[in-house]
Amino acid sequence: MSDSDVEKNKAMAIIGYIVPILFFIPLVTDGKNSPFAKFHANQQLLLFICYIAIGIAINILFGIIRLYLIFSLGHLCSLGLFVLAIVWAISASRGEMKPLPVIGGIEIIK
């Protein structure tokens, strides 16, 4: 990965952290050939999958148990993922390629 690659694709690497559904933007633009943009698109996709999985799990548990504590736990988990997205957006803006904790080693986008 070259410094010019990082500088050219920083915006592409950050966009999916700000709006998780846009993780694919680097893959359909000039970033598709950039290891830096692909790495961050993969991390963004993993984060987006976690958002969805937590939402589904919380809704199922809330439907079964009907405890508002479960619903609040879901909000806390979503807030934690939001904080991770902000921290990793800052990391991408610095040109770093740090994987997310626990799930960051999973490679969906190659």
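The values are calculated or read from the model by the stated rules, or taken from the named source; none is laboratory data. Keep in mind it's a predicted model, so treat the numbers as computed, not measured. Note that each Cβ is placed from the backbone with ideal geometry, even for glycine, and that neighbours are counted across all protein chains shown. What goes into the accessible areas is simple: the full protein's heavy atoms, side chains included, and nothing from ligands, DNA or RNA. Shrake-Rupley method; radii C 1.70, N 1.55, O 1.52, S 1.80 Å.
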Quick check: anything in segment 27-36 in contact (Cβ under 8 Å) with a residue 60 or more places away in the chain and not basic (Lys, Arg)?
yes
Can you name the number of the only condition in (1) farther than 21 Å from LYS110 by Cα; (2) at pLDDT 90 or above; (3) among the polar types (S, T, N, Q) that ASN59 fails?
(2)
Which condition does ILE49 not pass, out of (1) in contact with an Asp or Glu (Cβ under 7 Å, 6 or more places away or on another chain); (2) open to solvent by 60 Å² or more (accessible area, probe 1.4 Å), if it passes all the others?
(1)
Output for segment 62-76, where each listed residue is open to solvent by less than 50 Å² (accessible area, probe 1.4 Å) and under 20 Å from VAL102 (Cα atoms)
GLY74
Some residue of segment 93-110 being under 24 Å from ASP5 (Cα atoms) and assigned to a helix (DSSP H, G or I):
yes
Filter result (of a type outside the set (Ser, Thr, Tyr), assigned to a loop (DSSP other than H, G, I, E, B) and closer than 17 Å to GLY95 by Cα) within segment 1-22
MET1
Can you tell me which residue within segment 3-26, out of those that are closer than 22 Å to GLY80 by Cα and touching a residue at least 60 places away in the same chain (Cβ under 8 Å), is surrounded by the fewest Cβ atoms within 10 Å (Cβ to Cβ)?
ILE18
